[in-house]
1. Counting only residues that are over 15 Å from ILE51 (Cα atoms), touching a Lys or Arg at 6+ places or on another chain (Cβ under 8 Å) and open to solvent by 20 Å² or more (accessible area, probe 1.4 Å), how many does segment 62-99 have?
2. Mind telling me which of the residues MET30, MET34 ends up being farther than 25 Å from SER115 by Cβ, among the aliphatic types (A, V, I, L, M) and at pLDDT below 95?
3. Can you tell me which residues in segment 38-53 are crowded, with 17+ Cβ neighbours inside 10 Å and closer than 12 Å to VAL111 by Cα?
4. If I filter segment 18-27 for residues that are modelled with pLDDT under 95, among the small types (Gly, Ala, Ser) and open to solvent by 40 Å² or more (accessible area, probe 1.4 Å), do I get at least one hit?
5. On the given criteria, is LEU4 modelled with pLDDT of 95 or more and closer than 18 Å to THR74 by Cα?
Amino acid sequence: QVQLVESGGGSVQAGGSLRLSCTASGSRSMFRTMGWSRQAPGNQREWLAEIAADGTTDYADSVKGRFTISRDNTKNTAYLQLSSLEPEDTAVYYCNAAQNGRFYWGQGTQVTVSS
């Protein structure tokens, strides 16, 4: 059974940085894509970034230039570097992964940015 576990969330002041990690277990093969989304209270879940197995990346315009996605296929782990954080970035950040026509989500990690 595939499980995704996020870590690295926390509280930071505006302008600060955080690095989120997402480690997948229960899979013997590489995920086709891994990505990150977030959900703030009262808002719909917002797609942020995605990275393919070959390293190709894609970003939402709202985070392009501030957030960087990467992955280590040897560890089945994806990362999201958050920089120049703003209070509007406060949300629960979720990792996702796609493999063999299935889509998996992690439980989320809270990021809180204070002004």
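The values are calculated or read from the model by the stated rules, or taken from the named source; none is laboratory data. Predicted model, so just to flag it, every value in this text is computed and none were measured. Glycine also receives a Cβ, built like all others from the backbone with ideal geometry; neighbour counts cover every protein chain displayed. The protein model used for the area step is the full one, side chains on, heavy atoms only, and it has no ligands, DNA or RNA in it. Shrake-Rupley method; radii C 1.70, N 1.55, O 1.52, S 1.80 Å.
1. Total meeting the criteria: 3.
2. One residue alone meets the criteria, MET30.
3. Selection gives ARG38 alone.
4. Yes, there is a match, as at least one residue in segment 18-27 is modelled with pLDDT under 95, among the small types (Gly, Ala, Ser) and open to solvent by 40 Å² or more (accessible area, probe 1.4 Å).
5. When the stated conditions are applied, LEU4 passes them.
Residue by residue, here is whether (1) at pLDDT below 95; (2) in a strand (DSSP E or B) holds:
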{"site": "PRO41", "(1), (2)": "yes, no"}
{"site": "GLN44", "(1), (2)": "no, no"}
{"site": "ILE69", "(1), (2)": "no, yes"}
{"site": "ASN96", "(1), (2)": "no, yes"}
{"site": "TYR104", "(1), (2)": "no, yes"}
{"site": "THR112", "(1), (2)": "no, yes"}
